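*Asks:* Got a structure here, written out as structure tokens. Questions coming.
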Amino acid sequence: MDGVTAVPAPGRTAPGRTAPPGPDRTGGPALPTGPAAGDLLARAGRALARHGLVTAFGHVSTRVEATTWAITAPLPLGRLTPGAVQVLDLSAPGLGDGVPREAWIHRAIARARPDVGAVCRAQPPTATALASAGVAIRPLHGQGAFLGPEVPVHDDPRLVRDPDAAARLAATLGDAPAVVMRGNGAVTVGTDVAEAVALMWVLEQSARLTATAAASGTPRPLDDDEQAAWRAVAPELLHRIWNYLNEEEPS
């Protein structure tokens with residue numbers, strides 16, 4: 001898979017359910033002629049680990065062809081190398097040999113959302129805690145608007161390891177850019193790996209702000225116009241966040 005190049009998703013391009021105009025993406029992954037999928041996924045995994053968003057578990061996947069995705073191997077993401085990726089064939093009746101069972105999540109979302117070009121599965125601690133406490137994550141700051149008016153919560157805490165459970169999770173996600181799984185982490189999606197990973201970081205930051213605001217007073221979410229203004233620049237800023245998440249990566 002080292003020589004496989006990721007392909008951006010067709011169609012809608014914006015997180016937060018709104019398609020903004022095409023911004024300058026300077027500094028982000030240059031798709032489809034940019035880094036091979038293996039290198040991109042390895043960098044994504046190591047960034048998630050450095051920022052405390054994954055521990056022993058977690059996966060990132062990206063589209064490489066119309067029905068073919070690359071997904072990280074079942075290894076700790078902090079130790080990923082470019083060769084530690086596997087093929088996920090959406091047209092096959094099942095998962096390939098050695099493909100992690102949670103790949104059903106990525107497969108279900110990829111099949112339900114043609115606008116999605118990458119999926120990130122992680123364990124953001126504060127977001128997971130808020131879901132268990134029944135506290136909604138709403139946009140209290142500009143970047144939080146990238147997640148939509150309210151992050152949906154999948155109420156089934158069991159592991160998603162079969163196609164039926166994965167389809168239910170994809171239905172909970174709907175057309176949103178993120179979903180929190182009660183007692184089981186979260187999933188974010190984007191048109192490319194940079195957006196999906198950056199949104200996972202934004203999700204955890206939004207959860208921390210929500211927890212702090214709820215402990216201090218009455219949280220005041222951004223109104224619809226304020227959210228729309230921030231979503232209009234989402235792709236540009238998400239790629240800047242991706243660069244920040246990779247600051248400690250050796251050149």
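*Asks:* How much accessible surface area, in Å² rounded to 10, belongs to the heavy atoms of residue 137 with a 1.4 Å probe?
*Replies:* 10 Å²
*Asks:* Which of 245, 229, 153 sits farthest toward the positive end of the charge dipole of the chain, with +1 on the Cβ of Lys and Arg and -1 on the Cβ of Asp and Glu?
*Replies:* With unit charges placed on the Cβ atoms, the residue in question is 153.
*Asks:* Shifting gears a bit: Return the carbon/sulfur percentage of the accessible area of the chain, one whole number, probe 1.4 Å, all protein chains in place.
*Replies:* Working: 5540 of 10460 Å².
Of all accessible area on the chain, carbon and sulfur atoms account for 53 percent.
*Asks:* Towards the positive end of the charge dipole of the chain, with charges on Cβ (+1 Lys, Arg; -1 Asp, Glu), say which of 205, 134, 69 has the farthest Cα.
*Replies:* So the residue we want is 134.
*Asks:* With the other protein chains left in place, how much accessible area per residue, in square angstrom, belongs to the range 37-80 at a 1.4 angstrom probe?
*Replies:* Numbers: 1490 Å² over 44 residues.
Here the residues of the range 37-80 average 34 Å² of exposed surface.
*Asks:* What label, among [x] 50, 40, 33; [y] 71, 40, 25; [z] 66, 56, 30, belongs to Cα extents along the principal axes in Å computed from the structure on display?
*Replies:* [x]
*Asks:* If you don't mind, another one. So what is the 222 nm mean residue ellipticity for the chain from helices alone, if each DSSP H run of at least 4 adds -39500 (n - 2.57) and you divide by all residues, rounding to the nearest 500 deg cm²/dmol? Display every interim value, and only then the final one.
*Replies:* Values: 7 runs with 88 residues, N = 251.
Helix-only estimate at 222 nm: -11000 deg cm²/dmol.
*Asks:* Hey, how much of the P(r) for the range 62-106 falls beyond 11 Å, as a percent of Cα pairs? If you can, show how the numbers build up before the last one.
*Replies:* Numbers: 647 of 990 pairs.
Above the 11 Å cut-off, the range 62-106 has 65 percent of its Cα pairs.
*Asks:* Same structure, new question: Got the relative contact order for the chain handy, in percent, Cα pairs under 8 Å and 6 or more residues apart? Could the numbers behind the result be given before it?
*Replies:* On the way: 559 pairs, mean separation 62.3, N = 251.
Rounded, it is 25 percent for the chain.
*Asks:* Rounded to the nearest whole Å², what accessible area per residue is found for the range 82-187 with the 1.4 Å probe?
*Replies:* In whole numbers, the range 82-187 has 37 Å² accessible per residue.
*Asks:* Still on this structure: Let me know the longest stretch in the chain that avoids all GluC sites (Glu not before Pro) found in a DSSP loop with at most 11 other C-beta atoms within 10 Å. Each step should come with its number before you reach the end.
*Replies:* Working: sites that count: 247, 248.
Value returned for the longest uninterrupted segment is 1-246.
*Asks:* Run the simple label-point estimate for residue 218 and residue 249 please: 7 Å along Cα→C-beta, distance reported in nm.
*Replies:* 4.4 nm
*Asks:* Now, a different point. So if I place +1 on the C-beta of Lys and Arg and -1 on the C-beta of Asp and Glu, and nothing else carries charge, what would the dipole magnitude of the chain be about its Cα centre? I want it in debye, nearest 20. Write out the running numbers ahead of the final one.
*Replies:* Values: 22 positive and 25 negative charges, 82 e Å.
The calculation lands at about 400 debye.
*Asks:* Based on a Kirkwood Rh over C-alpha pairs, give the Stokes-Einstein translational diffusion coefficient of the range 70-203 at 4 °C and viscosity 1.567 mPa s in µm²/s. Write out the running numbers ahead of the final one.
*Replies:* Working: Rh = 15.1 Å.
So the translational diffusion coefficient is about 86 µm²/s.
*Asks:* Okay, moving on. Give the average over all directions of the projected area of the C-alpha convex hull of the range 103-159, one decimal, in nm². If you can, show how the numbers build up before the last one.
*Replies:* Working: hull surface 19.4 nm².
Computed as one quarter of the Cα hull surface, the answer is 4.9 nm².
The values are calculated or read from the model by the stated rules, or taken from the named source; none is laboratory data. These figures come from a predicted structure and were not determined experimentally. Quick reminder, even Gly has a Cβ in these numbers, built from the backbone with ideal geometry, and neighbours come from all protein chains shown. Only protein heavy atoms, including side chains, enter the accessible area calculation; ligands, DNA and RNA are left aside. Shrake-Rupley method; radii C 1.70, N 1.55, O 1.52, S 1.80 Å.
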